[in-house]
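The block underneath contains the structure these notes are about, expressed in structure tokens.
Taken together, the values in this text are just the output of simple stated rules run on the coordinates, not laboratory data. Worth saying up front: this structure is predicted, and the values here are computed from it rather than measured. Here the Cβ positions follow ideal geometry from the backbone for every residue, glycine too, while neighbour counts run over all protein chains shown.
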Amino acid sequence: MQVRGRVLSVASECVPLIKTGGLADVVGALPGALAKVGWDMRVLMPAYRALRARLDDLDEVWFEQNLFGGDARVMAGEIDGLQVMLLDAPHLYDREGGPYSGPGGDWFDNARRFAALSWVAARMARDGIDGWKPDILHAHDWQAGFASAYLYYGGSGGVASVLTIHNIAFQGWAPAQALVDLRLPPDQFYPGALEYYGGLSSLKAGLVCADRITTVSPNYAAELMRPEFGMGMEGVIAQRASVVSGILNGVDTGVWSPAVEPMPYSVKSLKGKAANRAAFCAEMGLDVPGPLAVLVSRLTDQKGIDLLETCIPDFIAGGGGLAVLGSGDALLEAAMRRLEARFPGRVSVRIGYDEAYSHRLFAAGDAVLVPSRFEPCGLTQMYGLAYGTVPLVSSVGGLADTVIHASPAALTAGVATGIVFHPVDATGFGLALRQLVQLYASKAQWAQVQKNAMKQPVGWEASAAAYAALYAEMLA
Ligand code: ADP
């Protein structure tokens, strides 16, 4: 296939190398999906300690003297089918812990660590690497926000930049005094440029400097211009409204498909789903006459997890059951454990991160709960669609874009794919759980909703086409 253009994708995490959230899924999936429509994308990310073992298989393509306190190099090559470039800067990334934090909490120098990633990205994009010169730099989230700024202020070398917001809650804050250390132009410290409430924000810098801005669902793009969702950035984004667009994420349907589960099933025959449910319930000691709801999530305020303790007792009384997989805030983990202790045989909770177990939950569950207060796109409701595990979601962000509520009209028209509730509080969620119990009891309607869900296209094709169209526009 003829190459339509080259894109340098810059991010802090990428499946299958390292993942803390949905960002990694997207960064890892885009190159393959875009290759199919003629775009050559390579991913630049830090060589964290856990990735250092991979460096031996890669070739050095870039050397950077004194990258914020030490020399660095970029090692490139193919890992697990992905063209990646790892920024090897031991003074910044060779540390015990996760990408953003160590045993003592967030790294004190995160602003520098990701400014460094952005600095190298901008320089490599400008000059090209080893005969490969990108047309576009695609920056993801606050960690790569400064890349657009470095291109904008330091000369773009003909490279256009796009910044994708995966979650506005993380903004890459730094004190104003860091401006020079972060290699930003001091005369740009004013509200219309780099200044952000008296300090700096790499996300804001990216939003101001990027040629285009995208976010991971159309609804989230609109929400971000409102104070309830913009988290302080609403003014900045509204000002750039003419270059903002929303492109829904997809999911990897090679990995997330009931056809590849140990007891496979399909939209034509859901028998396998019943078998998965029965096996799971037997193993976990669950006996659930009504719908078995599952929840796979970070346990944080964003995800509305606190609503469960209030609403689940009524759901259990209606015959429901719940299986939870997640980790996060200690208080929310404790709340989940209390639910399990209170409802033996109806609630099963596993605290931790476990990809294989999450597959089992989607294969076994009747419904997946996503009561988020905000949700840029959300992936688990899409797994739910693919698995006929009916999504019950709050009406925010990408959740509202991907699930069609089982209203009387939608049920009559035969188009409903789940339950969508609003407002995001215990009343809204509680009523939605009641509707779930009722819908599950009307077997014909339930089967219809399940099948509609499974027929929704949730793969990367539509997203890749949308990104390809955006890139083409940027080059035109
Ligand atoms: P976010 O990125 O805000 O955490 P998303 O729904 O976009 O939310 O993506 C979360 C991803 O992480 C999904 O792929 C989900 O299945 C996965 N995930 C979350 N918690 C767990 C867990 N405890 N075990 C396994 N996978 C998890």
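Provide the gained length on full extension for the span Asp354 to Val61, in nm with one decimal, where the gain is 0.36 nm per separating residue minus the Cα-Cα distance.
Extra length from Asp354 to Val61 when fully extended: 101.9 nm.
Which of the chymotrypsin sites (Phe, Trp or Tyr not before Pro) found in segment 92-168 are loop residues per DSSP with 10 or fewer other Cβ atoms within 10 Å of their Cβ? Working shown, then result.
Details: sites: Tyr93, Tyr100, Trp107, Phe108, Phe114, Trp119, Trp132, Trp142, Phe146, Tyr150, Tyr152, Tyr153; in loops: Tyr100, Trp107, Phe108.
Within segment 92-168, the qualifying chymotrypsin sites (Phe, Trp or Tyr not before Pro) (loop, at most 10 other Cβ atoms within 10 Å) are Phe108.
Once segment 189-301 is represented by equal point scatterers at the alpha-carbon sites, with solvent omitted, what log10 I(q)/I(0) does the Debye formula produce at q = 0.13, 0.17, 0.19, 0.23 Å⁻¹?
-0.72, -0.89, -1.01, -1.30
Per the Kirkwood formula on distinct C-alpha pairs, the Rh of segment 349-476 is how many angstrom?
On the way: mean 1/r = 0.0644 Å⁻¹.
Final number for the Kirkwood radius of segment 349-476 is 15.5 Å.
Tell me the mean residue ellipticity at 222 nm calculated for the chain from its helices only (DSSP H runs of n ≥ 4, each -39500 (n - 2.57), averaged over every residue, nearest 500). Don't skip to the answer; put the middle values down first.
Details: 18 runs with 187 residues, N = 476.
Result for the chain, helices only: -11500 deg cm²/dmol.
Tally the DSSP beta bridges in the chain and give the antiparallel ones as a percent, rounded to 5.
Working: 20 of 69 bridges.
Just about 30 percent of them are antiparallel.
With +1 on each Lys and Arg Cβ and -1 on each Asp and Glu Cβ, how big is the dipole of segment 275-328 about its Cα centre, in debye rounded to the nearest 20? Numbers along the way, then the final one.
Numbers: 3 positive and 6 negative charges, 41 e Å.
Rounded to the nearest 20 debye, it is 200 debye.
Might you report the magnitude of the Cβ-based charge dipole of the chain about its Cα centre, with Lys and Arg at +1 and Asp and Glu at -1, to the nearest 20 debye? Mind showing how you got there, number by number?
Values: 37 positive and 46 negative charges, 247 e Å.
Roughly 1180 debye for the chain.
Subtracting the Cα-Cα distance from 0.36 nm times the residue separation, let me have the gained length for Ala330 to Arg298 in nm, one decimal.
Going from the current span to full extension adds 10.4 nm.
Could the peptides 264-272, 464-472 be put in order, highest first, of the mean number of other beta-carbon atoms found within 10 Å of their residues? Mind showing how you got there, number by number?
Numbers: 264-272: 14.1, 464-472: 18.4.
Top to bottom by mean Cβ count within 10 Å: 464-472, 264-272.
Label-point separation (nm) for Gln456 and Ala341, each offset 7 Å from Cα along Cα-to-Cβ?
Distance between the two pseudo-spin positions: 3.6 nm.
Given the convex hull over the Cα atoms of segment 258-455, what projected area results after averaging over all orientations, in nm²? Show your work: numbers first, answer last.
Working: hull surface 38.4 nm².
Projected area, direction-averaged: 9.6 nm².
Taking amide H atoms as placed 1.01 Å from N in the peptide plane, list the residues 5 or more away in sequence, or in a different chain, whose amide H sits under 5 Å from that of Val390.
Under 5 Å from the amide H of Val390 lie the amide H atoms of Ala367, Val368, each far enough along the sequence or on another chain.
How many angstrom lie between the C-alpha centres of segment 247-286 and segment 358-386?
Using only Cα atoms to place each centre, the spacing works out to 12 Å.
Within straight cross-link reach of Lys133, meaning Cα distance under 25 Å, which lysines are found once same-chain residues fewer than 8 apart are removed?
Within reach: Lys36.
Which pairs, out of Lys273/Lys443; Lys268/Lys443; Lys19/Lys268, put more than 25 Å between their alpha-carbon atoms?
Working: Lys273/Lys443 15 Å; Lys268/Lys443 16 Å; Lys19/Lys268 34 Å.
Beyond 25 Å between Cα atoms: Lys19/Lys268.
So what are the chain's ellipsoid semi-axes, whole angstrom, largest first, if each one is the square root of 5 times an eigenvalue of the alpha-carbon gyration tensor? Don't skip to the answer; put the middle values down first.
On the way: eigenvalues 323, 103, 97 Å².
Working through the eigenvalues yields semi-axes of 40, 23, 22 Å.
Modelled label-to-label distance, Gln239 and Ala441, 7 Å Cα→beta-carbon offset: nm?
5.5 nm
Please list, in chain and number order, the residues 5+ apart from Arg350 or on another chain whose amide H is under 5 Å from its amide H, with Hs placed from the backbone.
Under 5 Å from the amide H of Arg350: Val324, Leu325, Gly326.
Once the dipole of the chain is set up with Lys and Arg at +1 and Asp and Glu at -1 on Cβ about the Cα centre, which of Ala222, Ser358, Ile404 lies farthest towards its positive end?
Result: Ile404.
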